[in-house]
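Just below is one structure, and these are the notes that go with it.
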Amino acid sequence: MSEYFPNVPQFQYEGTGSKNPFAFRHYNPDEIVGDKTMRDHLRFGAAYWHVMRNELGDPFGAGTAQMPWDDGSDSLQNALNRIPVFFEFLEKSQIDYYCFHDRDIAPEGATLAETHQNLDRIVDELEKFQNETGKKLLWGTACLFTHPRYAHGAGTSPNADVFAYGASQIKHALEATHRLGGEGYTFWGGREGYGSLLNTDMKRELDHLAALLHLAVDHAKKIGYTGQFYIEPKPREPSTHQYDSDSAACLNFLREYDLLDHFKLNLETNHATLAGHTMEHEMEVAIAANALGSIDANRGDELLGWDTDQFPTDIYLTTNIMLRVLKMGGFTTGGLNFDAKRRRESHEPEDLFHAHIGGMDAMARGLKNAHQILKDGCMPGFIANRYASFDSGIGAEIEAGKTSLDALDTYAQGITPPVLASGRQEMLENILNDYLV
Ligand code: XUL
Ligand code: CO
């Protein structure tokens, strides 16, 4: 394989004593943790849009990223040239999966037909590289938010032709995902929301969005695609309000429109915080509905109010995330996709590697901590005990739906006032801290 990153070796596990910035200190891919290898627990993915296409611009200045392999054009040849670079990146960083938007990997053509041809040509090339390297597609998606035609949304655009255009893109992105063996297909709302209610028929827009998702489900059946569909919640940015604002809103939407059997959620940490929630909260909501599918692993910055998409480095956060992943029994089709970008000042190609190795080690530490917490059983045991009054007697009758207000009235009048146990929040916080290594 050609050398676009000549100064970067393939990462190996060297343990915590290593000072090598290109070595894993915690992620040891084949090490067994509990019932499977770290590789199988974590299922790391790289985001094509950040690794290959993010020029590191911000609203105040141009991109800074050095990409010597990229001629800066929107040509098909340039798109083809990026592919070996990306696979060298995946190989060296030992990342097994990747994710893309159609427009990250293939440029728009002069006509929609040419756009689809471009995508097909790129998919041929990706297929070749996947076969050569064993790398796999975690999920694909269609970019229905960058082009000016999607200024009012795609599925929620007031213009039916834009809806049709988006549907055409989805059909081809879904077929590309199918061809590449993608384990999932994601819908992130993009501009599926509103800037102002003064010009918006919310009910009609929601009906249209649901119709678009149903069309995708129907097409998947037609082509024999059995991968998992995901919705990725986010409350705002770019829209003032996005309909898929958080886990609870997505689940309600999926239930209302009879889509819950076909979709799970792809939760992103920075989107959770934008929604005013913790990632743990979003995960608990999804797990309770058996709908946690995959994770876009990143973090925000409390001092900035927007989607900074930073790499996860906080072990408290990664431990809490992995506790929930283990609690749900691990990923099936999902994984940890680094939807994360370097800071604008980290503009050299090798910074891509420092960023990902840090995220991988942080998630690996979270996995090991979470495994230990569950193995020791004290924290889950505390929670189980806290609800023990529902395990038998009147509590069990309440849970089984075998009681009535009359029966509870009689019961309550016959008991001494309830005595509450402490919630012991501070003790539990101390215990959790003891596991953070
Ligand atoms: C945007 C975002 C997207 C989705 C895929 O905030 O997270 O990149 O992950 O469309
Ligand atoms: Co994302």
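Pairs meeting the criteria (first residue in region 252-269 and assigned by TED's automatic domain parsing to the domain that holds Leu215 and open to solvent by 10 Å² or more (accessible area, probe 1.4 Å), second residue within 16 Å of ligand 1 (Cβ to nearest atom) and of a type outside the set (Asp, Glu), beta carbons under 7 Å, at least 6 apart or on different chains) are Phe253/Tyr243; His262/Phe229; Lys264/Gln228; Lys264/Tyr230; Lys264/Leu292; Lys264/Gly293.
Out of all the residues in region 202-227, which are of a type outside the set (Phe, Trp, Tyr), open to solvent by less than 80 Å² (accessible area, probe 1.4 Å), in a loop (DSSP other than H, G, I, E, B) and away from ligand 1 (no atom under 16 Å from the Cβ)? Show your work before the answer.
Within region 202-227, the first condition is being of a type outside the set (Phe, Trp, Tyr), and the residues that meet it are 202-224, 226-227.
Within this subset, residues satisfying the condition of being open to solvent by less than 80 Å² (accessible area, probe 1.4 Å) are 202, 205-214, 216-217, 219-220, 223-224, 227.
Restricting the remaining residues to those that are in a loop (DSSP other than H, G, I, E, B) gives 224, 227.
Across region 202-227, the qualifying residue is only Gly224.
Residues in region 240-251 that are of a type in the set (Ser, Thr, Tyr) and either open to solvent by 30 Å² or more (accessible area, probe 1.4 Å) or at pLDDT below 95 (or both): Thr240 alone. Across region 308-332, the qualifying residues are those that are within 16 Å of ligand 2 (Cβ to nearest atom) and β-branched (Val, Ile, Thr), and the one among them that is nearest to Arg53 (Cα to Cα) is Thr308. Residue pairs whose Cβ atoms lie under 6 Å apart, separated by 6 or more positions or on different chains, with the first residue in region 131-148 and crowded, with 20+ Cβ neighbours inside 10 Å and the second among the hydroxyl-bearing types (Ser, Thr, Tyr), are Leu138/Tyr97; Trp139/Tyr185; Trp139/Thr186; Gly140/Thr177; Gly140/Tyr185; Thr141/Thr186; Leu144/Tyr150.
For the criterion of being free of Cβ contacts under 8 Å to residues at least 24 places away in the same chain and acidic (Asp, Glu), Asp296 fails.
For Leu336, indicate whether it is within 20 Å of Gly184 (Cβ to Cβ) and within 14 Å of ligand 1 (Cβ to nearest atom).
yes
Of all residues in region 159-177, those being open to solvent by 70 Å² or more (accessible area, probe 1.4 Å) and touching a residue at least 24 places away in the same chain (Cβ under 8 Å) number 1. Against the test of being crowded, with 19+ Cβ neighbours inside 10 Å, touching a helix residue (DSSP H, G or I) at 6+ places or on another chain (Cβ under 7 Å) and modelled with pLDDT of 95 or more, the options Ala289, Ala297, Ala355 yield a single qualifying residue, Ala297. The sole residue among Asn320, Asn337 that is touching a Cys at 6+ places or on another chain (Cβ under 6 Å), in contact (Cβ under 8 Å) with a residue 40 or more places away in the chain and not aromatic (Phe, Trp, Tyr) is Asn337.
The values are calculated or read from the model by the stated rules, or taken from the named source; none is laboratory data. Keep in mind that what you see is a predicted model, and the values were worked out from it rather than measured. Note: ideal-geometry Cβ built from the backbone for every residue, glycine included; neighbour counts use all protein chains shown. What goes into the accessible areas is simple: the full protein's heavy atoms, side chains included, and nothing from ligands, DNA or RNA. Shrake-Rupley method; radii C 1.70, N 1.55, O 1.52, S 1.80 Å.
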